[in-house]
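Enquirer: Submitted below is the structure of interest, expressed as structure tokens.
The values are calculated or read from the model by the stated rules, or taken from the named source; none is laboratory data. All figures in this text were calculated on a predicted structure; none of them were measured in a lab. Heads up, the Cβs are rebuilt from the backbone with ideal geometry, glycines too, and the neighbour counts pull from every protein chain shown. Surface areas here come from the heavy atoms of the whole protein model, side chains and all, with no ligands, DNA or RNA. Shrake-Rupley method; radii C 1.70, N 1.55, O 1.52, S 1.80 Å.
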Amino acid sequence: MDLELTGQVVAITGSSRGIGKGIAAAFLREGARVVLSGRDVVELQRVERDFQGSYGSDKVLSFSGDLQKTAVIEELARAIQTWAGGLDHLVLNIGTGRSVPPLQEDEGEWSRLLEINLLSAIRGVRGLLQLLEIRASQAQACPSISFISSICGVEALGCPVAYAAAKSALISYAKNIARPLGQRGIRVNLVSPGNVLFPGSTWENKLAQNRLQVEEMLAREVPLKRLGTVEEIGDVVCFLSSRRAGFIHGANLVVDGGQTRFL
């Protein structure tokens with residue numbers, strides 16, 4: 001299926017590794033132009049070189065900086081404006097689930113998890129919305145925002161409490177901005193992954209520590225009996241960003257192998 005993303009400009013926050021990197025690769029396979037971002041300059045430059053070698057130097061722009069800071073997001077917006085003149089799709093992927101056991105969170109830990117998993121996304125929308133509006137004003141344009149949430153935000157699964165609460169709040173935020181942004185021609189959706197394996201992930205560490213325990217959990221809790229891949233998440237985000245999903249708006253698409261049970 002041709003998703004008609006060729007030449008479109010996509011900015012993906014937190015895209016030097018893991019799910020964000022997988023999303024970037026998926027957009028590049030579809031012919032899009034991708035703006036990478038991350039705080040690890042060395043890793044970001046390595047990913048940029050790899051992608052440019054595979055897809056062309058004109059297809060990839062990297063931006064290093066802490067996107068939890070408003071001033072840095074403003075710098076990113078200027079860089080995108082100079083490089084591409086606007087933005088077709090924004091994917092907000094910054095997040096972390098690493099925290100402390102339930103009920104051991106102090107105020108600082110709550111602030112840290114909310115900052116990373118919720119407020120960074122809100123700042124991203126505020127700082128880059130004008131670039132999406134430029135596209136929305138053009139004929140035949142179909143700009144979009146995709147938030148990467150988590151199944152921890154929709155069910156009680158034993159996740160770190162502050163992480164689960166932040167992801168739940170992110171889902172609420174996205175649902176509530178979908179109506180006003182839809183009226184301005186910008187679609188808004190979420191993707192909530194389940195357990196995804198990639199280098200350096202929590203699941204890679206858990207497999208190394210006790211593979212049998214992980215396999216037993218998967219057999220018990222996940223009908224498909226396996227971990228997900230970044231390629232699978234990337235393909236879903238590409239579809240949601242495309243014209244093929246033009247009537248999907250305000251949705252939270254769960255990609256978890258059937259682990260969650262809600263309707």
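Enquirer: What number of residues in region 210-238 are open to solvent by 70 Å² or more (accessible area, probe 1.4 Å), touching a Leu at 6+ places or on another chain (Cβ under 8 Å) and hydrophobic (A, V, I, L, M, F, W, C)?
Expert: 0
Enquirer: What is the one condition in (1) open to solvent by less than 10 Å² (accessible area, probe 1.4 Å); (2) hydrophobic (A, V, I, L, M, F, W, C); (3) closer than 22 Å to Leu67 by Cα that Ala25 does not satisfy?
Expert: The number of the failed condition is (1).
Enquirer: Within region 72-103, which residues are assigned to a strand (DSSP E or B) and surrounded by fewer than 20 Cβ atoms within 10 Å (Cβ to Cβ)?
Expert: Selection gives nothing.
Table: residues versus (1) more than 19 Å from Asp256 (Cβ to Cβ); (2) at pLDDT 95 or above.
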position	(1), (2)
Gln130	yes, yes
Gln140	yes, no
Ser150	no, yes
Ile186	yes, yes
Leu190	no, yes
Thr202	no, no
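Enquirer: Since Asp2 meets every condition but one in (1) in contact (Cβ under 8 Å) with a residue 60 or more places away in the chain; (2) surrounded by fewer than 16 Cβ atoms within 10 Å (Cβ to Cβ); (3) acidic (Asp, Glu), which condition does it not meet?
Expert: It is condition (1) that Asp2 fails.
Enquirer: Only residues in region 249-263 that are at positive phi count as the first member; pair them with residues that are open to solvent by 40 Å² or more (accessible area, probe 1.4 Å) and assigned to a loop (DSSP other than H, G, I, E, B), Cβ under 9 angstrom, at least 6 apart or cross-chain, and list the lot.
Expert: Gly257/Pro223; Gly257/Leu224; Gly257/Lys225; Gly257/Arg226; Gly258/Pro223; Gly258/Leu224
Enquirer: A further question follows. Can you name the condition, by its number, that Arg184 falls short on among (1) closer than 29 Å to Ile248 by Cα; (2) free of Cβ contacts under 8 Å to residues at least 60 places away in the same chain; (3) not in a loop (DSSP other than H, G, I, E, B)?
Expert: All conditions pass for Arg184, except number (3).
Enquirer: Only one of (1) out of contact with any helix residue (DSSP H, G or I) (no Cβ under 9 Å at 6 or more places or on another chain); (2) open to solvent by 40 Å² or more (accessible area, probe 1.4 Å); (3) of a type outside the set (Phe, Trp, Tyr); (4) over 24 Å from Ser242 (Cα atoms) is not met by Leu44, so which one is it?
Expert: (2)
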